[in-house]
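Heads up, the thing below is written out as structure tokens.
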Amino acid sequence: MPLLELHKVCKSYPDGWTLTDVSFTVGESEILCLLGPSGCGKTTLLRLIAGLEPPDGGQVLVDGEDVTLAPPHLRGFGLMFQEYALFPHKDVVGNVAFGLRMQGLSREPVAARVVEVLELVGLTGFEHRDVNQLSGGERQRVALARSLAPQPRLLMLDEPLGALDRALRERLMDELPDMLRRAGVTAITVTHDQEEAFALADRVVLMRAGRVVQAGTPEEVYRRPASAWVARFLGLTNLLNARMVEPGLVETPIGALRVKDLGFGLWDLGSTPYLGYGTSATQLLIRPEAARLDPVLGLR
């Protein structure tokens, strides 16, 4: 049974924007990424899962139990914001221990858990540092440690690397999935960045205009984009108008091209079905890494 299930979740706003029939599952210990352009509904969906807003329709299930209208504090979820939201008047320990103290734990268990999560995120020795004196990457780790300390059933991270400079962001793209897996936590991340999504996630849910347009592993989404829009959003811009003239051969503006595997090998055919050879248009996606120039035959 999945840890989290969404069934046809909907939300509408007075300005006409809607989140429509969103359905997907998140498995135990899985890292899932909500990927899409700004304004597509990723953060809204995160708020609905967290219980910060009620949906207008649909269901949110945790371990098979309906929590659609349950308040946030009864869901056992953690939420890490892009801006970290650290307490400036508290040191590292004070920030990390906050959630544990709110749970009413005594001093000894709190101290032990703080040591554990600071070691997990690579901040051993930073216990009494002023958070205002930390680098962006260090503040991000403090925020992550604070989110992990109460051992949430599900941790949601809204643009976790968005505020970092490129060098630090690339470093943490490698380190963050390892931290989450060592913590044994199930996680949902939100990003508009394709590279970040593919680096962090076991599975990607791609959104556009309040709808899920594709879901799968990073490999599946990259290898088999569900539409021309998905391909372009992922940076795969070599799309040619084409028509199938015979099995394995398509006619394009740059000439006739052989296709291999009909969408899963070196070449991908678009999702538009053709009615018969030579009678219906489709699109051909040529990946840059799959193309080569032949001195005699040209593009192959």
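The values are calculated or read from the model by the stated rules, or taken from the named source; none is laboratory data. Given the structure is predicted, the values throughout are model-derived calculations rather than measurements. Every residue, glycine as well, gets a Cβ built from its backbone with ideal geometry; the counts of neighbours run over all protein chains shown.
Can you tell me which of 48, 79 is at pLDDT 95 or above and touching a Pro at 6+ places or on another chain (Cβ under 9 Å)?
48
May I ask you to say which residue of 67, 62 is farther than 22 Å from residue 214 by Cβ, at pLDDT 95 or above, assigned by TED's automatic domain parsing to the domain that holds residue 138 and in contact with a Phe, Trp or Tyr (Cβ under 9 Å, 6 or more places away or on another chain)?
Going through 67, 62 in turn, just one is farther than 22 Å from residue 214 by Cβ, at pLDDT 95 or above, assigned by TED's automatic domain parsing to the domain that holds residue 138 and in contact with a Phe, Trp or Tyr (Cβ under 9 Å, 6 or more places away or on another chain): 62.
Can you go through 144, 155, 161, 168 and tell me which one is part of a strand (DSSP E or B), surrounded by 14 or more Cβ atoms within 10 Å (Cβ to Cβ) and aliphatic (A, V, I, L, M)?
Working: 144 fails: part of a strand (DSSP E or B); 161 fails: part of a strand (DSSP E or B); 168 fails: part of a strand (DSSP E or B).
Going through 144, 155, 161, 168 in turn, just one is part of a strand (DSSP E or B), surrounded by 14 or more Cβ atoms within 10 Å (Cβ to Cβ) and aliphatic (A, V, I, L, M): 155.
Can you tell me which residue within the stretch 176-223, out of those that are among the small types (Gly, Ala, Ser) and over 13 Å from residue 33 (Cβ atoms), is surrounded by the fewest Cβ atoms within 10 Å (Cβ to Cβ)? Full working, then the answer.
First pass over the stretch 176-223, keeping only residues among the small types (Gly, Ala, Ser): 183-184, 187, 197, 199, 201, 209-210, 215-216.
Adding the requirement that they be over 13 Å from residue 33 (Cβ atoms) leaves 183-184, 209-210.
Numbers: 183: 22, 184: 10, 209: 14, 210: 21.
If we take residues in the stretch 176-223 being among the small types (Gly, Ala, Ser) and over 13 Å from residue 33 (Cβ atoms), then 184 is surrounded by the fewest Cβ atoms within 10 Å (Cβ to Cβ).
What's the number of the only condition in (1) modelled with pLDDT of 90 or more; (2) in contact with a Gly (Cβ under 6 Å, 6 or more places away or on another chain); (3) not assigned by TED's automatic domain parsing to the domain that holds residue 9 that residue 207 fails to meet?
Against the list (1) modelled with pLDDT of 90 or more; (2) in contact with a Gly (Cβ under 6 Å, 6 or more places away or on another chain); (3) not assigned by TED's automatic domain parsing to the domain that holds residue 9, residue 207 comes up short only on (3).
Can you tell me which residue in the stretch 111-141 is surrounded by the fewest Cβ atoms within 10 Å (Cβ to Cβ), limited to those that are under 17 Å from residue 183 (Cα atoms) and of a type in the set (Val, Ile, Thr)?
Selected residue: 124.
State whether the residues of the stretch 232-247 include one that is aromatic (Phe, Trp, Tyr), out of contact with any Leu (no Cβ under 9 Å at 6 or more places or on another chain) and in a helix (DSSP H, G or I).
No - not one qualifying residue is present in the stretch 232-247.
Here is a list: 101, 75. Which entry is in the same structural domain as residue 210 (by TED's automatic domain parsing) and crowded, with 17+ Cβ neighbours inside 10 Å?
The match here is 75.
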